[in-house]
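Working notes for the structure below.
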Amino acid sequence: MDRLKTKYRGFTLYNAGLPGFPRNFTRDGIISAILSRNSKMLENQLNFCAYEQGANKNPNNGEEPGKISHEYPEVIIGKLSTKFSACDTTALFLIGHKFYIDLTGDESLAELQQKSIENAIGYILSHLNQDNLFMEDPKFCDGKKFATKTTYWKDSEIINRKNGEPSYPICYSLAHVQNMCGMRCAAKILNSKYFRVAEKMKIGMEKLFNSTTDNFYIAVDKKGPIEAISSDPLHMLFYLEPGDLKNKQLEGIIESSKKIETEIGYRTLEPKFSDKTKSGYHTKTVWPFEQAIINSGAVKHRIWAERYEIANLIKNLRHVEKVSSRIVSKLDTDPEIFILSNPETKKGGCDPQLWTIAAKKYFEKFKCHKFI
């Protein structure tokens with residue numbers, strides 16, 4: 001953690017990882033603070049987010065009013081900046097505020113940043129279509145494309161699309177759920193009407209679920225559904241509330257996810273699709289932080305299932321907990337990813353990686369705690 005600690009704009013923050021990502025990422029910072037239950041780290045990250053929050057439309061860096069930045073300092077790819085190249089950071093800003101209140105009992109930070117919270121809500125509202133789905137499109141910032149190929153956390157490419165880029169507009173299922181969770185958190189913070197918006201987003205979520213395969217699409221873009229078994233639906237459980245999914249849907253997700261089980265946890269994408277991708281970064285890997293996210297979501301839903309004595313669901317969710325916990329035995333250091341390759345799985349990416357450190361703390365100390 002000391003190696004990753006830094007200061008930007010007078011704020012004490014953490015870079016994502018060394019040597020590859022010596023920069024601050026909102027996504028990494030907030031998720032790491034939540035998993036490690038580090039209130040000071042979260043407070044500083046939220047303050048920085050509010051300071052850097054978007055105010056105008058900018059086609060060069062993806063900025064929009066109310067949008068929370070992705071990366072600082074920015075990186076230039078081609079002629080475009082990565083500064084606002086993310087569609088989940090604004091939701092995480094709202095989720096982070098609610099978690100900070102739950103963790104500390106202190107509402108003063110949210111009170112000081114009420115305007116920023118309201119602006120973040122406005123950003124999410126501006127992205128909802130007629131079906132109340134959270135849509136992503138560079139047109140929202142008056143642009144034609146983003147610096148990254150996709151703008152949710154798996155941002156290296158999208159499968160089954162030319163050059164790994166979607167046909168906009170697109171709805172990423174995981175990002176939709178994260179933004180729905182963000183609206184719920186904002187409604188709780190402000191005691192406001194936005195619960196109704198979140199409920200409509202929940203209804204809209206049905207359009208992202210394939211009842212034939214009993215799983216969510218990775219995304220739906222202008223060309224139609226993008227379909228494969230990925231870690232995204234299990235990842236969603238962290239942000240979904242018990243009861244958001246029908247029991248049959250949840251059981252279907254767990255059953256289909258057996259295709260992505262490995263000896264060290266859940267891989268990001270099923271092999272028959274990952275073998276066709278140009279980059280294996282988000283397709284042929286197991287991410288330690290995601291195992292903690294998946295584990296925490298499974299714990300939350302299993303506790304709910306125990307309350308209602310739903311035996312089969314309890315059993316299935318315990319299985320998810322067991323698979324995602326396998327990563328622990330491999331974390332003698334703090335690698336960003338594990339690359340799945342024959343004949344052996346290898347560490348890859350940065351080491352140390354911030355949210356891997358947070359994942360280790362989660363598994364060591366907080367496994368049975370309800371996070372969101």
Within the range 36-69, tally of residues that are part of a helix (DSSP H, G or I), under 19 Å from TRP355 (Cα atoms) and of a type in the set (D, E, K, R): 2
Check on ILE253, of a type outside the set (Gly, Ala, Ser), over 24 Å from ASP351 (Cα atoms) and surrounded by fewer than 18 Cβ atoms within 10 Å (Cβ to Cβ): no
Tabulated pairs, the range 288-307, first within 15 Å of ASP28 (Cβ to Cβ), second among the aliphatic types (A, V, I, L, M), C-beta under 7 angstrom, 6+ apart or interchain: PRO288/ILE327; PRO288/LEU331; PRO288/ALA359; PHE289/ILE31; PHE289/ALA358; PHE289/ALA359; ALA292/LEU35; ALA292/ALA359
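Can you tell me which of LEU35, LEU13, LEU18 is more than 20 Å from the chain's Cα centre (by Cα) and either within 28 Å of ASP142 (Cα to Cα) or modelled with pLDDT of 95 or more (or both)?
LEU18 is the lone residue from the list that is more than 20 Å from the chain's Cα centre (by Cα) and either within 28 Å of ASP142 (Cα to Cα) or modelled with pLDDT of 95 or more (or both).
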Selection from the range 334-372 of residues that are surrounded by fewer than 19 Cβ atoms within 10 Å (Cβ to Cβ), of a type in the set (S, T, N, Q) and in contact (Cβ under 8 Å) with a residue 60 or more places away in the chain: THR345
Cross-chain or 6+ apart pairs with Cβ under 9 Å, the range 117-131 first and closer than 15 Å to CYS185 by Cβ, then at pLDDT 95 or above and of a type in the set (Asp, Glu): TYR123/GLU64
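Considering only residues that are in a strand (DSSP E or B), hydrophobic (A, V, I, L, M, F, W, C) and within 17 Å of the chain's Cα centre (by Cα), look in the range 202-241 and name the one that is farthest from ILE170 (Cα to Cα).
Among those that are in a strand (DSSP E or B), hydrophobic (A, V, I, L, M, F, W, C) and within 17 Å of the chain's Cα centre (by Cα), it is PHE216.
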Cβ pairs under 7 Å, 6+ apart, first in the range 135-158 and more than 22 Å from LYS207 (Cβ to Cβ), second acidic (Asp, Glu) and in a loop (DSSP other than H, G, I, E, B): CYS141/GLU64; THR148/ASP155; LYS149/ASP155; LYS149/GLU157; LYS149/GLU165
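Name the residues in the range 256-268 that are under 20 Å from the mean Cα position of the chain (by Cα) and either surrounded by fewer than 18 Cβ atoms within 10 Å (Cβ to Cβ) or assigned to a loop (DSSP other than H, G, I, E, B) (or both), would you?
GLU261, ARG267, THR268
The values are calculated or read from the model by the stated rules, or taken from the named source; none is laboratory data. Computed from a predicted model, the values in this text were never measured in an experiment. Heads up, the Cβs are rebuilt from the backbone with ideal geometry, glycines too, and the neighbour counts pull from every protein chain shown.
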